[in-house]
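Quick notes on the structure that follows.
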Amino acid sequence: KILSNYLATINGLNDEFCAKNVCIANLEKAKNDLELSLSEHQQWLQNANERIVQLEECKIANDAMNKELHNEMDKLSKMVVLDLKAALEAVKEEAQQVSIESIDELMVKLQNTEQALAEHPKLDDLIYLKNENENLRELLNDKNACIDNLVQQNNDREWSLGEHRQWLRDCNDR
């Protein structure tokens, strides 16, 4: 009778041990699945961060080009104004002394100066660059929102993984 009690106890413990092994196997599978998911999300986050760096570099380059274009336009505007003032003063001085032929030459110079001014960057180009810059900012904001979403998902998965680890520890402690 004692032997049968021992055998029954051993069988009961064996069944309990098997049940715990199944529980541990299920928890390990869930843990592995979560770790795989976590690594995928980490890769997505890394890719998103790399894209952000690219977009920020592009924005910096656009800002620099925009600033350079503004500086070039200011410089050319000053040069044209100075050239026109000089041409007008020359016309005033020479009008009294120069014949009609020299006035025609000055008109050609003035037309050449006006043509050079017309060939420089126009306001439409600057507006296009400003709009492109705004579009890039919107894209950057969208990407930042996507990254925030991925970070939140990652945090949720890490929290869930922590719960599963605690459950596994609790099962192991029993």
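The values are calculated or read from the model by the stated rules, or taken from the named source; none is laboratory data. Just so it is clear, the structure is predicted and the values come from calculations on it, not from any experiment. Methodologically, a virtual Cβ is constructed for each residue, glycine included, from the backbone with ideal geometry; neighbour enumeration extends over all protein chains shown.
For the stretch 114-128, the condition of being at pLDDT 80 or above and surrounded by 11 or more Cβ atoms within 10 Å (Cβ to Cβ) holds for at least one residue. Among the residues making up the stretch 138-174, those that are basic (K, R) and surrounded by 13 or more Cβ atoms within 10 Å (Cβ to Cβ) are K143, R157, R165.
Examine the stretch 31-46 for a residue that is touching a residue at least 60 places away in the same chain (Cβ under 8 Å) and touching a Phe, Trp or Tyr at 6+ places or on another chain (Cβ under 7 Å), and state whether such a residue exists.
Applying the first criterion (touching a residue at least 60 places away in the same chain (Cβ under 8 Å)) to the stretch 31-46 yields 31, 34-35, 37-38, 41-42, 44-45.
Filter once more, keeping what is touching a Phe, Trp or Tyr at 6+ places or on another chain (Cβ under 7 Å): none.
Looking for residues that are touching a residue at least 60 places away in the same chain (Cβ under 8 Å) and touching a Phe, Trp or Tyr at 6+ places or on another chain (Cβ under 7 Å), one finds none in the stretch 31-46, hence no.
Under the condition of being closer than 29 Å to L150 by Cα and not hydrophobic (A, V, I, L, M, F, W, C), the residues counted in the stretch 2-39 number 9.
Collect the residues in the stretch 40-67 that are surrounded by 15 or more Cβ atoms within 10 Å (Cβ to Cβ), farther than 12 Å from V151 by Cα and aliphatic (A, V, I, L, M), keeping them in residue-number order. I52, L55 - these are the residues of the stretch 40-67 that are surrounded by 15 or more Cβ atoms within 10 Å (Cβ to Cβ), farther than 12 Å from V151 by Cα and aliphatic (A, V, I, L, M). Could you list, in sequence order, the residues of the stretch 133-174 that are under 17 Å from W44 (Cβ atoms), hydrophobic (A, V, I, L, M, F, W, C) and without any contact (Cβ under 8 Å) to a residue 24 or more places away in the chain? If the condition is that a residue be under 17 Å from W44 (Cβ atoms), hydrophobic (A, V, I, L, M, F, W, C) and without any contact (Cβ under 8 Å) to a residue 24 or more places away in the chain, then A145 is the only one that fits. Taking the stretch 14-28 as the range and being within 16 Å of L161 (Cα to Cα) and polar (S, T, N, Q) as the test, only N26 passes.
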